[in-house]
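Some notes on the structure that comes next.
Nothing in this text is a laboratory measurement; each read-out follows from the coordinates by a stated rule. Not measured: the values here are computed from a predicted model. Counting neighbours? That spans all protein chains shown, and the Cβs are built from the backbone with ideal geometry, glycine included.
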Amino acid sequence: MEETPSFSARHGYTAPGPEIVIRHEAPVWLREFVVRLAYECELHPSGLRGILCGLLFEAPNRSNWSEFPNIDAEVSQLLAGAEWFQVYDFIETIAETLLHPETRFNPLAGDTNPQLERFTEKLNVAFRRKGVGWQLVDRRIQIRGPESFEVAVKQSNDVLLASGRQIASHEIHEALVDLSRRPTPDITGAIQHAMAALECVARDVAGEPKATLGELLKKHPELLPAPLDNALSKIWGFASEQGRHLRENEAPDIKEAELVVGLAGSLNLFGEEILSGIKRMSGEPYLRMICSGWSDLDLGHEFHATKQGERYTFSESARRTVLDRLIALNHQRYEEEVKAGLHEKGKNIRRKPSAGMSSQLELIASAQNEFFQ
């Protein structure tokens, strides 16, 4: 039977979530809530007892044979004695069990289940309302930060995947995995992975696939506008110090690691915006011509207002100069065609140009169409 949405759910009312106050603990309310939620999702006390006994290396009490109240009481007792991180292990195992209640380890079974969706949704609502710094994502407990952290990391990962930057996306994912490790997060690993993701994007922006982020910042200060350039330089310095060259009693804490991962996500989004602008230009023939023979021209690469909104492109003065040169180049190519006998005067006949000449003309025409838009 499908559950009827509550009044607040039907009308979209939500209370602002409190600050994260629970992370390396599992309060009594959470232990009890997880058991009740599992029952609501059609699991039975005997099934939960089996999960807990497996996690805690305990033997079930064979004297308890009735689901309620005997085995239910045993489940509560086992869970009360579990370490905080084992409670989150318990949650993950419940999620796996709900995926395929009868064929949990069958790879041919489907990957969705209404009860799993209910369990995940209600658990995450409880986490948010109670200020728990975790969330259940794809049947795995993953760190949950402030809203700004969540938005930056999720959008960054989505954009990186959509643009085919698998390595950078993987590094962001690994940063989250490191922050989510139990019982102790790998803070230095999270910082290193976050900066590696940023380094991948920065290399693409600068067109230098082998340079380190530190080298790119020194060589290309124009990668970011002020004061973001200075901020990124400081982040790199912090990451190098705290993520690579640790000192005794000066290890970073998880909030600092969250800040670095969140900032890396935001800066990756900024870098992708630059790359999307470069891609729009580099895919056009006129930029290839400029690079090959017009090195004297200052393109003025920046964010400029265009008909399509603000875009990372070159300045209007450079645009006009390029257009003038394209027109002159078009005339030059035409004269070369005439000399090559491709145009016969007095006849409406035009011979097919050579492959090289044809590609040049297509290149010019495409560029002119772009500039006249």
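Summary table below
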| quantity | calculated |
| --- | --- |
| Residues TYR334, TYR13 arranged by fewest to most Cβ contacts within 10 Å | TYR13, TYR334 |
| Neighbour-count order for THR93, THR184, fewest beta carbons within 10 angstrom listed first | THR184, THR93 |
| Residue list for the range 121-135, given a label point 7 angstrom along the Cα-to-Cβ vector of TRP29 and an amide N cut-off under 15 Å | 123-134 |
| Reduced Cα scattering model of the range 16-171, Debye log10 I(q)/I(0), q = 0.08, 0.09, 0.14, 0.19 Å⁻¹ | -0.27, -0.34, -0.78, -1.23 |
| FRET E, pair LEU161, THR212, Förster distance 30 Å, beta-carbon r, rounded to 0.05 | 0.80 |
| Relative contact order of the range 123-199, defined on C-alpha pairs under 8 angstrom at six or more residues apart (%) | 21 |
| Förster radius 51 Å - calculated FRET efficiency between ARG320 and LYS255 (Cβ-Cβ, nearest 0.05) | 0.50 |
| Sorted by Cβ density within 10 Å, fewest first, the residues ARG23, ARG62, ARG129, ARG203 | ARG62, ARG129, ARG23, ARG203 |
| 10 Å-binned pair-distance histogram of the range 117-156 (Cα, whole percent) | 30, 57, 13 |
| Extension reserve of the GLU3-GLU117 stretch, reckoned as 0.36 nm per residue once the Cα distance is removed | 39.8 nm |
| Translational diffusion of the range 1-101, µm² s⁻¹ [Kirkwood Rh, Cα pairs; Stokes-Einstein; 20 °C; 1.002 mPa s] | 141 |
| Simple label model, 7 Å out from Cα along Cβ direction - GLU335 to HIS304, nm | 2.8 |
| Mean shadow area of the range 172-222, taken as a quarter of the surface of its Cα convex hull (nm²) | 3.6 |
| Cβ-placed point charges (K, R +1; D, E -1), dipole of the range 1-82 about Cα centre in debye, nearest 20 | 140 |
| Alpha-carbon Debye profile of the range 116-193, log10 I(q)/I(0) at 0.17 Å⁻¹ | -0.73 |
| Segments 185-197, 132-144 sorted - mean Cβ within 10 Å per residue, highest first | 185-197, 132-144 |
